[in-house]
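Working notes, structure below.
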Amino acid sequence: METDKAQVVVIGGGATGTGILRDLALRGIPAILVEQGDLAHGTSSRFHGLLHSGARYAVKDKEAARECIEENMILRRIAPNCVELTGGLFVQLPEDDPQYADQWITACTEAGISCAEADVQELIKKNPVLSPNVTRAFKVPDCAVDGFRILWGNVNSARRYGARVLTYHRVSAIHQSNGRVTGVELINQLNGQKRSIECEMVINAAGPWGGEVAAMAGLEVNVIKDKGTLVAYNHRLMNMVVNRLRPPGDGDIFVPHGTITILGTTSTTVDDPGCTKPGHDEVLALIKIGQEMVPELESYRLIRAFAGVRPLYQAGNATGGRSVTRNFALLDHQQRDGLAGMVSIVGGKFTTFRLMAEKTVDLVASKLGVNAPCRTAREPLMTPVSEELLERGKKVFGVPGARKAAERLGDSFAQVVEQVEKNPDKGRILCECEVVSLAEIEHAAHSGDSFTLGDIRRKTRMGMGTCQGTFCSYRTLGALSGYPQFAGNHWEYLTKFLQKRWKGMRPVLWGQQLREAQLSTGIYCTLFAMERMR
Amino acid sequence: MNKYTDVLIIGAGLSGLMAAAKAAEQGKEVMLVAKGMGAVGLSSGCIDLWGYNLEDPNQVCQDPLAEIARLCAVNPQHPYARVRDVLEESLLFFRRVCQENGNPYLDHRGGNWLLPTALGTLRPTYLAPASMAVGDLQQVRGVLVVGFRELKDFYPDVLAANLKKSGVLQADCPLNTLMVCAGGGELTPNTLAYRLENPAVVDRIVDQIKPHLLPGAVLLLPPVLGERWDSQVAKNLAEKLGHPVYEVTNIPPALPGQRLQQMLLHHVKGQGVEVVIGCTVNGARVADKRCTEVLATGAGKPIKISAKTVILATGSFLGGGLESKPGKAWESIFGLPVETGHEKWSARDFLSMAGHLFNQMGIKVNEHLRPVDKTGEVIIENVMVTGANLAGCNHPIEKCGNGVAVASGYKAGKLAGEVGE
């Protein structure tokens, strides 16, 4: 069995875990992050993609609101290529309690969130999909954020300082001796091999799996698993994030991302942290509520539905849902349970991941006797792509293709542009919906942590557009079939990828997307007879 | 603008074109209007009739006609049960039209061909254009898969790896791959097919392939060998190489389906059919269970068309013949009912062997292809329904889409003007 050593092992490759890894690395603490799947395969890729201003929490959760606005401003500064400065709106409809607005304005002001009343007529002119019945509207500093990109930014930054990442490694045991954690045991999810890491400290940042991880060390952490379903429209319906001005509820936020819009979410307590099946009825309910803000919603094309599990935490026994705080909690298991060398970071939300990491690493560093201060709020996540490099990119990918690739690739954009300059054939676009080139796909395949077509998708957005992988998954397989990790069972690679896409398409199979589904089954069954391939 | 015709066909897919060809042959005045080029251009270009055994759906069916006879007994709701009386003559008619237009379709001694795809799988089909009709792969003494550098939709190594795994080749059969250059740049299947119509380009490809040929080898290429329906590219390439050359099925766009459509369009125009492409039918007037006129828009102008018989060949959801909302589906011109069942429209597994309900949705018809309601009562007497518009066919799994289109289109064309008028 392979044995590694690191001072700290971080469990969980979501926003919080990768944020912690970066913070540790920047303070010079040797660490390994372990993740059971690919990075961001869980909650951190299954949300609105909303960088909260905090306004949503201002009335009920003042502390969370204040943290949100502070972190919002920090992320804009350190990760400008991951944040789209859309701005946000809170709109009130005739059926909403007008008194809530006053309460909300006061709360926002107290939390330090700017909320300026907007001219409703002008807003509707700029965002014509909005209901003409909007009574009042306020502008807040909400943004759209790309979860995948932030996570990879964290990891790449941490790696530059010597940190390591093991994806597809599930923790199977947490070893302890004399009341102190000594290491973890892992199982490689792709080949079943075991591996162990000796360490002084384990940080449990496993999100919805936080309770399961704690249980391996014999501890009880009550993580409430709250499933939220979201839908993705194949249009940019509006240019700003749009929230409903009333107490937070289902289906009251729209977030534009590039060419699509995400509407969500629902809230249901579940038992399984891996329960990411979007429900058909939940989707219909979302659309119904969304229609109050966007009356023509039914006529727009949906591309898929997806669901994520919020890991909520409330000390003691809470049932779950909207009433549970969105605050995070840092549990020192030495103090709480008498087990040295383990902390859990639970609850919270994507917007505040950096702060959660900072607080966690502050505690861990003090336990390890490290004095280095946190630098993650000051140091940029990646070097911005220069104008000169972008110009070179435009020559090989065209203007929109170069912009998208530069945003996705950040620090790696230069390498990919260089590849295409050397070999123009590599500039061909394999995923037309998201304008992903062969060179970019090869770059992702070379990275050392792409084992499936899904991993390539999360790194490049290949397969996430209108066709949902119907054309580009086959092309990507073809282009990568010479790579050892894609040379084996083509049926399995393609089937797994297509099945994941299918899971999200099924709850929205009508209108245009049903046509797409018919084309997709036509290609893989009628033309390729793949249903009988073995 | 007002138009009058004996037979109006809506849709330029395989069933619409078959209906036009047959009705015109019987001396009817025929008009064909279509929004676009029809889904046959997205198809393999082969006529899949029936792929597998009813009892063992993993076994390739050796006698599709006999299997369809059995099918009609066990599943009288299948579209084949409505067209079985004309199935064989429709196939003969189809082959005669193809022959006359220089794009012959070959059968495999009455059984199924087992033709390779770009994914290296094998698919059963009844009739194949000569350019696709690979004989028994078990017998070949070598395979060379040739791809084009300019084309991003075809990967010889994927085809070769999976064909080898399929076990159809003899164990010692050499299986090689080769990439050739057709002049550089990036080309779509259509632009590459156009380029290959130039004999000088074909010569340069021949030069690149020749050094890699082994005795007795057959060549498999992507479906781009020529743009025109009567293209000789595959034939010329084979003659110059001295080895048989075949196109395999691939993701759309692929030329064999487009050639089939072009050929049939050419044929029906030659038969005097008035063809208007780019004409969207938005609705129809129906009185006393008869369609009195359809309302269309062509080149921005409204057109009213009256016809004795209207043949609805507008396709399924993909073709735009059917539309849907959550929990509800309907036919798009006449609003004919489409049964959606109480079950889910799709199966949990994308590649489910049971198929998806949405692919079986469509319009119920009687033995004269007239749309009927739940009780079997005809809804509109002078309308006939063909092809993918028909309910009850699980074509992606059964491999019968183009077969149903040929037979139902032919039958509608034959019946036009005979029944109910």
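Just name the residue that is nearest to the other protein chains (Cβ to nearest Cβ) out of those in segment A:502-514 that are of a type in the set (A, V, I, L, M) and in a helix (DSSP H, G or I). Top of the filtered list is A:Leu514.
Taking segment B:233-252, which residues are in a loop (DSSP other than H, G, I, E, B) and away from chain A (no Cβ under 14 Å)? Within segment B:233-252, B:Gly242, B:His243, B:Pro244 meet the criteria.
Has segment B:185-206 got any residue that is of a type outside the set (Asp, Glu) and at pLDDT below 95? The answer is yes, given that some residue of segment B:185-206 is of a type outside the set (Asp, Glu) and at pLDDT below 95. Evaluation of A:Asp449 against the conditions (1) under 15 Å from B:His356 (Cα atoms); (2) surrounded by fewer than 21 Cβ atoms within 10 Å (Cβ to Cβ); (3) more than 8 Å from chain B (Cβ to nearest Cβ) shows that the sole unmet condition is (1).
For segment A:240-260, filtered to residues that are outside any loop (DSSP other than H, G, I, E, B) and at pLDDT below 95, the residue that is least open to solvent (accessible area, probe 1.4 Å) is A:Ile260.
Name the residues in segment A:332-348 that are more than 27 Å from A:Ala55 (Cα to Cα), open to solvent by less than 40 Å² (accessible area, probe 1.4 Å) and touching a strand residue (DSSP E or B) at 6+ places or on another chain (Cβ under 6 Å), would you? Once the filter is applied, which keeps residues that are more than 27 Å from A:Ala55 (Cα to Cα), open to solvent by less than 40 Å² (accessible area, probe 1.4 Å) and touching a strand residue (DSSP E or B) at 6+ places or on another chain (Cβ under 6 Å), segment A:332-348 yields A:Asp332, A:His333, A:Ala340, A:Gly341, A:Met342, A:Val343, A:Ser344. Among the numbered conditions (1) open to solvent by less than 10 Å² (accessible area, probe 1.4 Å); (2) at the interface with chain B (Cβ under 10 Å from one of its Cβ atoms); (3) part of a helix (DSSP H, G or I), the only one that A:Ile441 does not meet is (2).
Report, by residue number, each residue of segment A:339-381 that is in contact (Cβ under 8 Å) with a residue 40 or more places away in the chain and of a type in the set (Ser, Thr, Tyr). Once the filter is applied, which keeps residues that are in contact (Cβ under 8 Å) with a residue 40 or more places away in the chain and of a type in the set (Ser, Thr, Tyr), segment A:339-381 yields A:Ser344, A:Thr351, A:Thr352, A:Thr360, A:Thr376.
Working only within segment B:206-232, note down all residues that are open to solvent by less than 20 Å² (accessible area, probe 1.4 Å), away from every other protein chain (no Cβ under 14 Å) and either in contact (Cβ under 8 Å) with a residue 40 or more places away in the chain or of a type outside the set (A, V, I, L, M, F, W, C) (or both).
Of segment B:206-232, the ones open to solvent by less than 20 Å² (accessible area, probe 1.4 Å) are B:206, B:209, B:217-226.
With the extra rule that they be away from every other protein chain (no Cβ under 14 Å), the set shrinks to B:206, B:209, B:217-221, B:224-226.
Correct list: B:Ile209, B:Ala217, B:Val218, B:Leu219, B:Leu220, B:Leu221, B:Val224, B:Leu225, B:Gly226.
For A:Gln499, state whether it is without any contact (Cβ under 8 Å) to a residue 24 or more places away in the chain, open to solvent by 30 Å² or more (accessible area, probe 1.4 Å), outside the structural domain of A:Gly274 (by the TED database) and in a helix (DSSP H, G or I). So A:Gln499 passes the test. Residue count for segment B:58-69 satisfying the condition of being among the charged types (D, E, K, R) and under 19 Å from B:Met353 (Cβ atoms): 1.
Each residue in segment A:515-534 was checked for being assigned to a loop (DSSP other than H, G, I, E, B) and either more than 7 Å from chain B (Cβ to nearest Cβ) or open to solvent by 10 Å² or more (accessible area, probe 1.4 Å) (or both), and 2 pass. Among the residues here, A:Ile20 qualifies as assigned to a helix (DSSP H, G or I), open to solvent by less than 10 Å² (accessible area, probe 1.4 Å) and either among the hydroxyl-bearing types (Ser, Thr, Tyr) or in the same structural domain as A:Met201 (by the TED database) (or both).
Residues checked against (1) farther than 30 Å from A:Thr43 by Cβ; (2) at pLDDT 95 or above:
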{"site": "A:Asn371", "(1), (2)": "yes, yes"}
{"site": "A:Arg378", "(1), (2)": "no, yes"}
{"site": "A:Lys394", "(1), (2)": "yes, yes"}
{"site": "A:Lys404", "(1), (2)": "no, no"}
{"site": "A:Ile441", "(1), (2)": "no, yes"}
{"site": "A:His446", "(1), (2)": "no, no"}
{"site": "A:Lys459", "(1), (2)": "no, no"}
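When residues in segment B:276-328 are screened for being open to solvent by less than 20 Å² (accessible area, probe 1.4 Å) and either acidic (Asp, Glu) or within 14 Å of chain A (Cβ to nearest Cβ) (or both), 7 of them pass. Pull up segment A:39-55, narrow it to residues that are out of contact with any Lys or Arg (no Cβ under 8 Å at 6 or more places or on another chain) and of a type in the set (S, T, N, Q), then point me to the one that is surrounded by the most Cβ atoms within 10 Å (Cβ to Cβ). Result: A:Ser53. Within segment A:420-435, the residues that satisfy the criterion of being buried (at least 20 other Cβ atoms within 10 Å of the Cβ) and more than 14 Å from every other protein chain (Cβ to nearest Cβ) are A:Cys433, A:Glu434.
Listed here are the strands (runs of 3 or more DSSP E) enclosed by segment B:282-361 that have at least 1 residues being acidic (Asp, Glu) and modelled with pLDDT of 95 or more: B:290-298, B:322-325, B:328-331.
Sort out which residues of segment A:222-239 are among the hydrophobic types (A, V, I, L, M, F, W, C) and either surrounded by fewer than 23 Cβ atoms within 10 Å (Cβ to Cβ) or under 30 Å from A:Glu434 (Cα atoms) (or both), and write them in order of number.
First, pick out the residues of segment A:222-239 that are among the hydrophobic types (A, V, I, L, M, F, W, C): A:223-224, A:230-232, A:237-238.
The answer is A:Ile224, A:Leu230, A:Val231, A:Ala232, A:Leu237, A:Met238.
Pairs meeting the criteria (first residue in segment A:177-196 and free of Cβ contacts under 8 Å to residues at least 24 places away in the same chain, second residue open to solvent by less than 50 Å² (accessible area, probe 1.4 Å) and among the aromatic types (Phe, Trp, Tyr), beta carbons under 8 Å, at least 6 apart or on different chains) are A:Asn188/A:Tyr168. Any residue at all in segment B:173-193 that's in contact with a helix residue (DSSP H, G or I) (Cβ under 9 Å, 6 or more places away or on another chain) and either within 30 Å of B:Glu323 (Cβ to Cβ) or without any contact (Cβ under 8 Å) to a residue 24 or more places away in the chain (or both)? There is at least one residue in segment B:173-193 that is in contact with a helix residue (DSSP H, G or I) (Cβ under 9 Å, 6 or more places away or on another chain) and either within 30 Å of B:Glu323 (Cβ to Cβ) or without any contact (Cβ under 8 Å) to a residue 24 or more places away in the chain (or both). The set of residues in segment A:197-211 being open to solvent by 20 Å² or more (accessible area, probe 1.4 Å) and assigned to a strand (DSSP E or B) consists of A:Glu198 alone.
The values are calculated or read from the model by the stated rules, or taken from the named source; none is laboratory data. Because the structure is predicted, anything quoted here is derived from the model rather than measured. Here Cβ is always computed from backbone atoms with ideal geometry, including for glycine, and neighbour counts include all displayed protein chains. Just the protein is used for accessible areas: all its heavy atoms, side chains included, with ligands, DNA and RNA removed. Shrake-Rupley method; radii C 1.70, N 1.55, O 1.52, S 1.80 Å.
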